[in-house]
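Novice: Got a structure for you, questions after.
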Amino acid sequence: MNTLRPQNGLSLIELMIALVIGSLLMLGLVQVFSASRAAYQLSEGLARVQENARFAIDYMQRDLRMVGHLGCVSDQTRFMSTPAGFHSAFVAQTRPSEAQLAAAPEPIQFHVSVQGFEATGTGPGGAVTLPASGAWSGAPALPDYIKNLVPAPAAGSDIVVVRYFSGEGAPLSSYTSGASTALTVDKAHWDMALAPGIGASDPAMFGVADCVGAVAFQASQIENAGGSVKLTVNQSGLNQSSLITDNFALGQAMLYRAVSEAFYIASRPDGTPGLYRARFGSTAGGTAMTPQVEELVRGIENMQLIYGMDSQTDPGRAPTGFIASQMVADKVQTGSSTLPWRRVGLIQVALMSRANDPSSAIAPSEIPRLLGVQVAPPADSRYRAVYETTIAMRNRLYGN
């Protein structure tokens, strides 16, 4: 008669084999999950880099294309006549010369529509190691109103300043010049084109232009009067002169916001880089210029700029509209005169965008180049890519 044998369990060898097989299966699962996570991080980093670069280029394109816009005609045309068809209330003279216009505070020198600053050692053929240490250095010398921005401009990246009249304007309903000039516009037009929230939290810097002349000024007082908005302009605040000699034809004259802004690269306190825009303005009748600094796009690590110059370099003669040469900022302006900037017809922009987080799937790659500048990024396993574009200044194209 057969008897049932009791269960004795696993032998030591069987247990060891089971543990080995289980460990191999777990290791395989871990490898699969790790590879999936690395692939996800890489794809997310790639998408973020592309998205950031696209937004950054779009922001810069919209504003850089406005360079030279002073109403009906461009800045190049305004300054071809004698006296010039442009007046700034920010200087004491009612018909200022180029030298006298330069006496205005630098953020509101609207006779200089574009101005660049080249970081040291970042011309074509140069090299920069990121993150670059120390304060920004380069040429032309950085003015205090940019140097003192918070956060401060990062070393190794170029800077560009643009000044222009906004693309949207409001037709003047009335214009009475004098020691205290009064301008009125329709409230509906004001709300659509000039009201707070449209490019400025509290707009006070304006320009008036028709096809004959243009003037930039600070509103001394802004009043809502029923269905219209009234601006009073007198010799106070930032205005060093009134609009007593400026006359504009109703039906042609438009009121615009006078925009002054700088694009630059800076870092957050935690070291994260980004593309920043500083807009310079004041309150109505105020005596000080204050910057409104905003981070446009996170993750933009470096910016390089090259300027396309008109074949006619003499600012006293009409431009041809033909771009004959390209140069960096310190070659455009080699002295104190800002006149050469009036011959800039396009800007080449190169941005290096990085992912927010590191990824183990990143393989070593060639050292990136931005418009001929060799950039050595830190070894932090973040995905990086370079994006370049050429922006034509539409208001300075041939015939404008």
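The values are calculated or read from the model by the stated rules, or taken from the named source; none is laboratory data. This structure is a prediction, so every number in the text was calculated from the model and none was measured. A quick note on method: Cβ atoms are made from the backbone with ideal geometry, for glycine too, and the neighbour counts reach across all protein chains shown.
Novice: Residue under question is Ala56, and the condition is that it be hydrophobic (A, V, I, L, M, F, W, C), within 16 Å of the chain's Cα centre (by Cα) and at pLDDT 85 or above; does it hold?
Specialist: Yes.
Novice: Which residues, counting only those in the range 357-381, are at pLDDT 85 or above and either touching a Leu at 6+ places or on another chain (Cβ under 8 Å) or surrounded by 14 or more Cβ atoms within 10 Å (Cβ to Cβ) (or both)?
Specialist: Passing the criteria: Pro368, Arg369, Leu370, Leu371, Gly372, Val373, Gln374, Val375, Ala376, Pro377, Pro378.
Novice: Could you identify the single residue in Ala35, Ala132 that is aliphatic (A, V, I, L, M), out of contact with any strand residue (DSSP E or B) (no Cβ under 6 Å at 6 or more places or on another chain) and either closer than 29 Å to Ala219 by Cβ or loosely packed, with under 13 Cβ neighbours inside 10 Å (or both)?
Specialist: Ala35
Novice: Just to be sure I understand, how many residues within the range 95-113 are out of contact with any helix residue (DSSP H, G or I) (no Cβ under 6 Å at 6 or more places or on another chain), part of a loop (DSSP other than H, G, I, E, B) and over 15 Å from Val208 (Cα atoms)?
Specialist: Summing the residues that are out of contact with any helix residue (DSSP H, G or I) (no Cβ under 6 Å at 6 or more places or on another chain), part of a loop (DSSP other than H, G, I, E, B) and over 15 Å from Val208 (Cα atoms) in the range 95-113 gives 8.
Novice: Could you please find all residues in the range 114-140 being in a strand (DSSP E or B) and under 19 Å from the mean Cα position of the chain (by Cα)?
Specialist: Within the range 114-140, Val114, Gln115, Gly116, Phe117, Glu118, Ala119, Gly138, Ala139 meet the criteria.
Novice: Mind listing just one residue for me: the one in the range 55-89 that is without any contact (Cβ under 8 Å) to a residue 60 or more places away in the chain and in a helix (DSSP H, G or I) and, of those, farthest from Asp210 (Cα to Cα)?
Specialist: Within the range 55-89, the match that is farthest from Asp210 (Cα to Cα) is Asp58.
Novice: Here's a follow-up. Among the residues of the range 310-328 satisfying the criterion of being buried (at least 21 other Cβ atoms within 10 Å of the Cβ) and touching a helix residue (DSSP H, G or I) at 6+ places or on another chain (Cβ under 9 Å), which is nearest to Met393 (Cα to Cα)?
Specialist: Per the stated criteria, the residue is Asp310.
Novice: While we're looking at this one, here's another question. Among all residue pairs at least 6 apart or on different chains, which show Cβ distances below 8 Å where the first residue, located in the range 103-115, is within 11 Å of Val67 (Cβ to Cβ) and the second is of a type in the set (Ser, Thr, Tyr) and part of a loop (DSSP other than H, G, I, E, B)?
Specialist: Short answer, once both residue conditions are applied: Val112/Thr338; Gln115/Thr338.
Novice: Have a look at Pro143, Pro96 and point out the one that is of a type outside the set (Phe, Trp, Tyr), under 24 Å from Gly281 (Cα atoms) and under 21 Å from the mean Cα position of the chain (by Cα).
Specialist: Just a single option satisfies the conditions, and that option is Pro143.
Novice: Can I ask one more? Which of (1) aliphatic (A, V, I, L, M); (2) surrounded by 20 or more Cβ atoms within 10 Å (Cβ to Cβ); (3) within 27 Å of Gln50 (Cβ to Cβ) does Val293 not meet, given it meets every other one?
Specialist: (2)
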